[in-house]
Amino acid sequence: MKGVRGNSWLKPKVNSLSSAVELITAIVNDIGPEEMFSFQLTSMASEGDVLIAISSSGASPNIIKALNTAREMKMATIAMTGFSGGDSARLADVSLHVDAENYGVVEDVHQSLMHILAQYLRQSHLTDPSLLGTLKF
């Protein structure tokens, strides 16, 4: 969010579904590991929101369940995958696939893609487009 909002009019609502350890622990213990992300989506997301799903293999059951839930909720979906892409690449509206068989390479490229996405959103929504050449991103 911080990287997108600076000098732009965007006020994105961004939620990480993987950072609230206490919530994930409760969901996994009480409902099941496959539901750790989809439960959060049905609690917080709305039609028209965007889910960015990141899975090196593309085959993680909790990611696949989240993508299916997002589709049912009429959300846009983006999958970042590596290796064969798995079901995640097939289920997503947009598939950003890293054609590599190395977790380190796949994860590094995914991180770079997140930075590129944040900078694209920021630069394309500047409050003063003439600032583009002067800002440090």
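The values are calculated or read from the model by the stated rules, or taken from the named source; none is laboratory data. A quick note: this is a predicted structure, and the numbers were derived from the prediction, not measured. Counting neighbours? That spans all protein chains shown, and the Cβs are built from the backbone with ideal geometry, glycine included.
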Residues located in the stretch 75-134, provided they are over 14 Å from the mean Cα position of the chain (by Cα) and part of a strand (DSSP E or B): LEU126
So ALA66, is it modelled with pLDDT of 95 or more, in contact with a His (Cβ under 9 Å, 6 or more places away or on another chain), more than 30 Å from ASN7 (Cβ to Cβ) and part of a helix (DSSP H, G or I): no
Members of the stretch 43-60 found to be over 20 Å from SER88 (Cα atoms) and either in contact with a helix residue (DSSP H, G or I) (Cβ under 6 Å, 6 or more places away or on another chain) or outside any loop (DSSP other than H, G, I, E, B) (or both), listed by number: SER43, MET44
Qualifying residues in the stretch 15-28 (those that are of a type outside the set (S, T, N, Q) and not in a loop (DSSP other than H, G, I, E, B)) - the one surrounded by the most Cβ atoms within 10 Å (Cβ to Cβ): ILE27
From the options LYS13, LYS74, residue that is basic (Lys, Arg) and at pLDDT 95 or above: LYS74
Conditions (1) more than 17 Å from GLY86 (Cβ to Cβ); (2) in a helix (DSSP H, G or I); (3) in contact with a helix residue (DSSP H, G or I) (Cβ under 6 Å, 6 or more places away or on another chain); number of the one not met by PRO12: (2)
Qualifying residue in the stretch 29-42 (condition: modelled with pLDDT under 95, surrounded by fewer than 17 Cβ atoms within 10 Å (Cβ to Cβ) and assigned to a helix (DSSP H, G or I)): no
